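Let me begin by presenting the structure, written as structure tokens, before commenting on it.
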Ligand SMILES: C[S@@+](CC[C@H](N)C(=O)[O-])C[C@H]1O[C@@H](n2cnc3c(N)ncnc32)[C@H](O)[C@@H]1O
């Protein structure tokens, strides 16, 4: 295989772009790359996003050997052979059979400023035709913006582009967005990329107007957290009693926890019917299972004061001997809401309590806490399960995934993409 073409810029920017793709794309899907050029981007993204299948393309076929070579070097098997696709073509690809399916993502880097302005409308119209209902178009490149001073580097770059070809030039983000709107796409995020690329570049993500919800994590697909689900073996059952205000919170960790723990149940409410709660505390989760021998010992995860110690039943070593007979009850809400849940549901007040031993600092950087060791629902439950089952290491992968979830939330908040928190409503 001949030496592949090499773009120093692509080598510098592929990893930071991959990080953005990881934070904005759902866990899996099919992606089309428009204007693949050397192939360095698609090779890097395919190797870094193994649950995505990639279709590279370019108007010029002379880079196809290079694309194949970079992909072979990366070892990624999830990339198809490149196809000729000129965005100006009325059907994509321009040669051979038309694409039969839709793409979940279309990615196009550094084409809009190195081609005539008409390619922008063509890209948007084509993306609109070939994106799935919940798909996203992501463009990367330099933009001129009304509210951002254009850097000296970008001004020089623009002059040199126009000297090379009068039809080239750095595009105004407003105008790109207008073309997207005409094609039925709307800008859902604009992400500033590091300035070290020599000239400043932005990524934009335009998506069809409709907001599609992931039916597993129940978030918009653009902020889906399913890739953080970490199936974790556990012996102690978990019941999450969720305050209604938590249900719509993008910051909430209970859903990720529930999706990762097979023996967990979630019930949302403030005052629970006594019979229903009684069953949830002690009966087998599976309907129809024998109740007599399988009744669970419910334990409330809640701090215990010295006054409580006198009145509450104690956790005996006999109860703790068999983790599979235990059911951990977790109140999911702010401290105030958790106290309220406890106050409003007398059955909960009668349960023996589990206090966490040696609470670490919380890594829940996205929520205001009164104390540094106030943990998220997921962190507290993992610590409690580790304590009850005598195997803290078992829950570490889920805690690591939680760190990723927090990082994703921060990245999406900075990109203006999060939903459900008080200050930011859904964008997609
Ligand atoms: C500067 S390169 C960018 C390559 C790669 N995306 C990157 O960022 O490293 C621009 C690419 O746009 C492609 N291109 C230009 N006009 C095009 C069109 N009308 N349709 C599809 N690709 C086009 C060129 O062939 C070239 O490969």
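The values are calculated or read from the model by the stated rules, or taken from the named source; none is laboratory data. Because the structure is a prediction, the values reported are computed rather than measured. Counting neighbours? That spans all protein chains shown, and the Cβs are built from the backbone with ideal geometry, glycine included.
Here are the numbers for this structure:
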{"item": "Pairs with Cβ under 7 Å, 6+ apart, first in segment 24-38 and closer than 17 Å to residue 60 by Cβ, second at pLDDT below 95 and away from the ligand (no atom under 13 Å from the Cβ)", "result": "32/103; 32/130"}
{"item": "Condition met for residue 9 (assigned to a helix (DSSP H, G or I) and either farther than 16 Å from residue 108 by Cα or more than 13 Å from the ligand (Cβ to nearest atom) (or both))", "result": "no"}
{"item": "Residue 109 being under 24 Å from residue 51 (Cα atoms), near the ligand (Cβ under 10 Å from one of its atoms) and touching a strand residue (DSSP E or B) at 6+ places or on another chain (Cβ under 7 Å)", "result": "yes"}
{"item": "Segment 30-52: number of residues that are away from the ligand (no atom under 16 Å from the Cβ) and surrounded by 20 or more Cβ atoms within 10 Å (Cβ to Cβ)", "result": "2"}
{"item": "Residues that are within 15 Å of residue 350 (Cβ to Cβ) and at pLDDT 85 or above, drawn from segment 314-328", "result": "319, 327"}
{"item": "Every residue from segment 112-155 that is more than 27 Å from the chain's Cα centre (by Cα), within 12 Å of the ligand (Cβ to nearest atom) and over 14 Å from residue 174 (Cα atoms)", "result": "113, 114, 115, 116, 118, 119, 122"}
{"item": "Test: residue 55 is in the same structural domain as residue 142 (by TED's automatic domain parsing) and away from the ligand (no atom under 14 Å from the Cβ)", "result": "no"}
{"item": "Per-region count, segment 174-196, residues in a helix (DSSP H, G or I) and surrounded by 20 or more Cβ atoms within 10 Å (Cβ to Cβ)", "result": "3"}
{"item": "Segment 91-116 residues that are closer than 12 Å to residue 34 by Cβ and outside the structural domain of residue 17 (by TED's automatic domain parsing), paired with ones that are near the ligand (Cβ under 9 Å from one of its atoms) and modelled with pLDDT of 95 or more (beta carbon under 8 Å, 6 or more apart)", "result": "none"}
{"item": "Condition met for residue 45 (in contact with a strand residue (DSSP E or B) (Cβ under 8 Å, 6 or more places away or on another chain), at pLDDT 95 or above and closer than 24 Å to residue 188 by Cα)", "result": "yes"}
{"item": "Residue 172 vs. criteria more than 28 Å from the chain's Cα centre (by Cα), under 27 Å from residue 413 (Cα atoms) and assigned by TED's automatic domain parsing to the domain that holds residue 121", "result": "yes"}
{"item": "Filtered residue count, segment 67-89, keeping only those that are away from the ligand (no atom under 16 Å from the Cβ) and in contact with a helix residue (DSSP H, G or I) (Cβ under 6 Å, 6 or more places away or on another chain)", "result": "2"}
{"item": "Test set (1) more than 15 Å from the ligand (Cβ to nearest atom); (2) farther than 28 Å from residue 192 by Cα; (3) part of a helix (DSSP H, G or I) - residue 98 fails condition number", "result": "(3)"}
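Yes or no, residue by residue, for (1) in the same structural domain as residue 280 (by TED's automatic domain parsing); (2) farther than 12 Å from residue 388 by Cα; (3) out of contact with any helix residue (DSSP H, G or I) (no Cβ under 9 Å at 6 or more places or on another chain); (4) assigned to a strand (DSSP E or B):
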{"residue": "303", "(1), (2), (3), (4)": "yes, yes, yes, no"}
{"residue": "315", "(1), (2), (3), (4)": "yes, no, yes, no"}
{"residue": "338", "(1), (2), (3), (4)": "yes, yes, yes, no"}
{"residue": "347", "(1), (2), (3), (4)": "yes, yes, no, no"}
{"residue": "351", "(1), (2), (3), (4)": "yes, yes, no, no"}
{"residue": "360", "(1), (2), (3), (4)": "yes, yes, no, no"}
